[in-house]
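Please read the structure below before turning to the comments.
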Amino acid sequence: QILFIGDSSSSAGEVARYDVSTGKLVMTARSVGPMGVGFYYPTRAITCASDGSFLFYGGYAVEGTGLTVTYAQPDPILSLTPDGRLAISATTVYRASDGMVLGSLPATASVQAVSPDGQKLYAISGGALQTVDLTTY
């Protein structure tokens, strides 16, 4: 069992990976951020793959084991499909592995949830629930 914690109390935030399988916090990795310095004033949200293989933090995609930055992702990621294939912001669907834009959402949706099978995105936009077919991306 894995727990990621982001520290954003200063201008140079970081992410730490903990093993919690023993009921204790055992740090197994700590990020250094892009270019060897911390993440510059990162947001306090971490979105991670269900298997812990990668995460999004502070405007970057980060590999989940050693916590090395893989690419810049300035659009905050709100949801990931369970298979880790798609990363979804409030406006755009990306390929999670490299950040390639796959398409836009039909409307801005800052409140969203992906179905357990990863085929649908349920989103609130303009006070209404919308369903987006993710198999088209």
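Bear in mind these aren't lab numbers, they're just calculated from the coordinates by the rules spelled out. Please read these numbers as outputs of a predicted model, since none were measured by experiment. Because the Cβ atoms are built from the backbone with ideal geometry, glycine has one as well, and the counts that use them run over all protein chains shown.
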Report summary line: Expressed in Å to one decimal, the Kirkwood Rh of the chain from all distinct alpha-carbon pairs is 15.5
Report task. Calculate one ³J(HN,Hα) per residue across the stretch 114-121 by plugging θ = phi - 60° into the Karplus curve 6.51 cos²θ - 1.76 cosθ + 1.60, and present them in order as whole Hz with x for glycine and proline. Result -> 9, 4, x, 8, x, 9, 9, 10
**Report entry** Note, ³J(HN,Hα) from phi for the stretch 51-58, Karplus 6.51, -1.76, 1.60, rounded to Hz, x at Gly and Pro
**Finding:** 8, x, 6, 7, 8, 10, 7, x
**Report entry** Neighbour cut-off at most 12 other Cβ (10 Å), DSSP loop, trypsin sites (Lys or Arg not before Pro), the stretch 28-137
**Finding:** ARG44
Query raised in the report: Which far-off residues, 5 or more places away or on another chain, put their amide H under 5 Å from the one on LEU102, with H placed in the peptide plane?
Result: VAL93, TYR94, ARG95
**Report entry** Translational diffusion of the stretch 1-71, µm² s⁻¹ [Kirkwood Rh, Cα pairs; Stokes-Einstein; 37 °C; 0.692 mPa s]
**Finding:** 276
Requested in this report: Place a +1 charge on the Cβ of each Lys and Arg in the chain and a -1 charge on the Cβ of each Asp and Glu, then give the dipole magnitude about the Cα centre in debye, rounded to the nearest 20.
Outcome: 160
Query raised in the report: What is the spin-label model distance, in nm, from THR70 to LEU25 if the labels are put 7 Å beyond Cα along the C-beta direction?
Result: 2.6
Report summary line: Counting only residues 5 or more apart in sequence or on a different chain, those whose built amide H sits under 5 Å from that of THR47 are PHE56
Query raised in the report: Nearest 0.05, what FRET efficiency do SER97 and LEU129 give at R0 = 25 Å with Cβ-Cβ as r?
Result: 0.30
